[in-house]
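The values are calculated or read from the model by the stated rules, or taken from the named source; none is laboratory data. Remember, predicted model here, so these are calculated numbers, not experimental data. All Cβ positions, even for glycine, are placed from backbone atoms using ideal geometry, and neighbour counts span all protein chains on display. Accessible surface areas use protein heavy atoms only, side chains included; no ligands, DNA or RNA. Shrake-Rupley method; radii C 1.70, N 1.55, O 1.52, S 1.80 Å.
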Amino acid sequence: MSADAWWRNGIVYQIYPRSFQDSDGDGIGDLRGIRERLDYLVGLGIDAVWISPIYPSPMADFGYDIADYEAIDPRFGSLADFDALVAQAKARGLKLILDYVPNHTSDRHPWFLESRSSRSDPKRDWYLWRDPAPDGGPPNNWLSNFGGPAWTLDEATGQYYCHSFLKEQPDLNWRNSEVRAAMYEVLRFWLRRGVDGFRVDVLYHLIKDDQFRDNPVNPAYQPGEDESHRLLPLYTTDRPEMQPLVAEMRRVVDAFSDTDSSRVLIGELYLPLDRLVAYYGRNAEGVLQGVQLPFNFQLIAAHWQAAEIGRIVRDYEAALPAGAAPNWVLGNHDKPRIASRIGEPRARLAALLLLSLRGTPTLYYGDEIGMTDVPIPPDEVQDPFEKNQPGKGLGRDPQRTPMQWSGEAGAGFTAGRPWLRLAADFTHRNVAAQQADPASILRLYQRLIALRRREPALHEGHYEALEAGTDVLAYARVQDDRRLVVLMNFGTAAAPIPAQLLPAGATVLLSTRTEDAAPVAPGFTLQPLEGVILG
Ligand code: NOJ
């Protein structure tokens, strides 16, 4: 196996650390808690854990506002806990990926405190400071992604600083070479401690227009939408200077890769397909020098119809540069959960899709038990996105509720009061109950992952689109003479499958409906919302 095989084929599992497992009863998940649950992750069959930020933070944006890049927030534990987690993950063959948040720090980060202390401070240029417009207002029309202007006035020094997110999250100036050097040291700090890679937060935001030009108005904006959509982010994201910067970052991480282990960069990039694949960073010689995995979020926005999903997969496969590693994501801590978007029966099909397509699948914690978004009453809202633009359905608390481990008080997550309320259904929708139920979505995930591991065609084979009627998504995964056929009936009526699609002598290796392996005979029909893998 080549050293990069793990991130090309392995399964990534995202942990939102506040909500995974609390070990000390304060109602907030922590590193020891994650350690206690490693065997569950091994049993599930995943390869790598990505943990959302665990660094010291005032928690204005729940850890995405970092006050010290090289320490652990006491709520989550200590560096010793972190080292123990790395050791225990490694002992079980699990890789560990950290969140790297390069676009902005907390406004309490010592760098920002120095930078704002005076116009002549040596760190002034580490952030984006501009004079007010002639009328005293913000220097240009840029908007914060959380609502309101992207500029806040510092009264004491009479200049505005730029923040793509909250005013508590000032943007670093990545054109400054000292900033780059300091931020690369952060990567090295964690690589030396043994991490296998990073998920890079809002990578495409790092460089802003050098002339600070106004963003154009978005003609498609509808009143009532997220107000940051009023403008098109032409001058604030995906600037041409991003490409050499990403290549530079990649070199820092590559220096820690060797024949036994390859370190990975996963880019958070909400971009159209043609711009997304640019972040593989293919140079004139065809070498891929960008991030190894530009996160592919297309399934998050997709309509759950066979034709649309089929088109998304085909277009993505066609857009990948030679040698690029594909990847697929169903959900994360910023988006409504898959089971709430499409319902559990279709979420089972989504699991089959995620784990039978080519490339690296990423699972969001709790999706494997079909957790749904939990309505949060207004007086319990925590997420600043909801607080800034209330009532628009933008809040992300619903998809961040505690993991449902058991039906006991606290759901096995905490002995205390959880920081965010538990789902009402935790008494029956939980890991313990689903482990005991062969028909559960958890058992389906386990079967899918085990099959994917057993069948090289599923993790390494090429992808071949097939035609099987309007409601059925069909494709083959092929390696040498092994040919597996994946069929998914998105419709609510039974769907007979054309005989020519059925591999000769095949059996049902897996069905989303039943555990039984059955021979495949002419007249083979999928039940409503059933998916199968034949081989
Ligand atoms: C993307 C993260 O996923 C999100 O949770 C966060 O609020 C923003 N970046 C700002 O860091």
Checklist entry - Just a yes or no: is a residue in region 380-397 in contact with a Ser or Thr (Cβ under 7 Å, 6 or more places away or on another chain) and part of a helix (DSSP H, G or I)? => result no
Next on the checklist: Checking the conditions here, which among Asp383, Asp397 is within 16 Å of the ligand (Cβ to nearest atom) and touching a Gly at 6+ places or on another chain (Cβ under 6 Å)?
Outcome noted: Asp383
Checklist entry - In the set Pro122, Pro74, Pro132, Pro138, which member is under 31 Å from the mean Cα position of the chain (by Cα), open to solvent by 40 Å² or more (accessible area, probe 1.4 Å) and away from the ligand (no atom under 16 Å from the Cβ)? => result Pro74
Checklist entry - How many residues are without any contact (Cβ under 8 Å) to a residue 40 or more places away in the chain and under 21 Å from Glu464 (Cβ atoms) if we restrict to region 512-535? => result 2
Checklist entry - Does Arg213 qualify as being in the same structural domain as Met183 (by TED's automatic domain parsing), surrounded by fewer than 21 Cβ atoms within 10 Å (Cβ to Cβ) and not small (Gly, Ala, Ser)? => result yes
Next on the checklist: Could you go through region 376-395 and let me know if any residue there is surrounded by 18 or more Cβ atoms within 10 Å (Cβ to Cβ), touching a residue at least 60 places away in the same chain (Cβ under 8 Å) and basic (Lys, Arg).
Outcome noted: no
Checklist outcome for this item: For region 408-441, the count of residues that are open to solvent by 30 Å² or more (accessible area, probe 1.4 Å), in a helix (DSSP H, G or I) and out of contact with any Phe, Trp or Tyr (no Cβ under 8 Å at 6 or more places or on another chain) equals 7
Checklist entry - How many of the residues in region 308-357 are touching a residue at least 24 places away in the same chain (Cβ under 8 Å) and assigned to a loop (DSSP other than H, G, I, E, B)? => result 16
Next on the checklist: Can you tell me how many residues within region 172-201 are away from the ligand (no atom under 16 Å from the Cβ), within 21 Å of the chain's Cα centre (by Cα) and hydrophobic (A, V, I, L, M, F, W, C)?
Outcome noted: 4
Checklist entry - Quick one: would you say Leu444 is within 18 Å of Gly531 (Cα to Cα), in the same structural domain as Ile376 (by TED's automatic domain parsing) and either assigned to a strand (DSSP E or B) or not β-branched (Val, Ile, Thr) (or both)? => result yes
Checklist entry - If you check every pair at least six apart or on different chains, which have Cβ atoms under 6 Å apart with a residue in region 146-158 that is farther than 20 Å from Glu227 by Cβ first and a residue that is crowded, with 18+ Cβ neighbours inside 10 Å second? => result Asp154/Arg116
Checklist entry - For region 311-346, which residues satisfy the criterion of being within 16 Å of the ligand (Cβ to nearest atom) and open to solvent by 40 Å² or more (accessible area, probe 1.4 Å)? => result Lys335, Pro336
Checklist entry - Within the bounds of region 178-193, is there any residue that is in contact with a helix residue (DSSP H, G or I) (Cβ under 7 Å, 6 or more places away or on another chain), in the same structural domain as Val49 (by TED's automatic domain parsing), in contact (Cβ under 8 Å) with a residue 40 or more places away in the chain and not in a helix (DSSP H, G or I)? => result yes
Checklist entry - So which of Trp405, Trp304 ends up being farther than 30 Å from Gly147 by Cα, more than 18 Å from the chain's Cα centre (by Cα) and either modelled with pLDDT under 95 or not in a helix (DSSP H, G or I) (or both)? => result Trp405
Checklist entry - So how many residues does region 47-66 have that are small (Gly, Ala, Ser) and away from the ligand (no atom under 14 Å from the Cβ)? => result 1
Checklist outcome for this item: Within region 23-60, the residues that are open to solvent by 10 Å² or more (accessible area, probe 1.4 Å), farther than 30 Å from Arg447 by Cα and either among the charged types (D, E, K, R) or touching a helix residue (DSSP H, G or I) at 6+ places or on another chain (Cβ under 6 Å) (or both) are Asp24, Asp26, Ile28
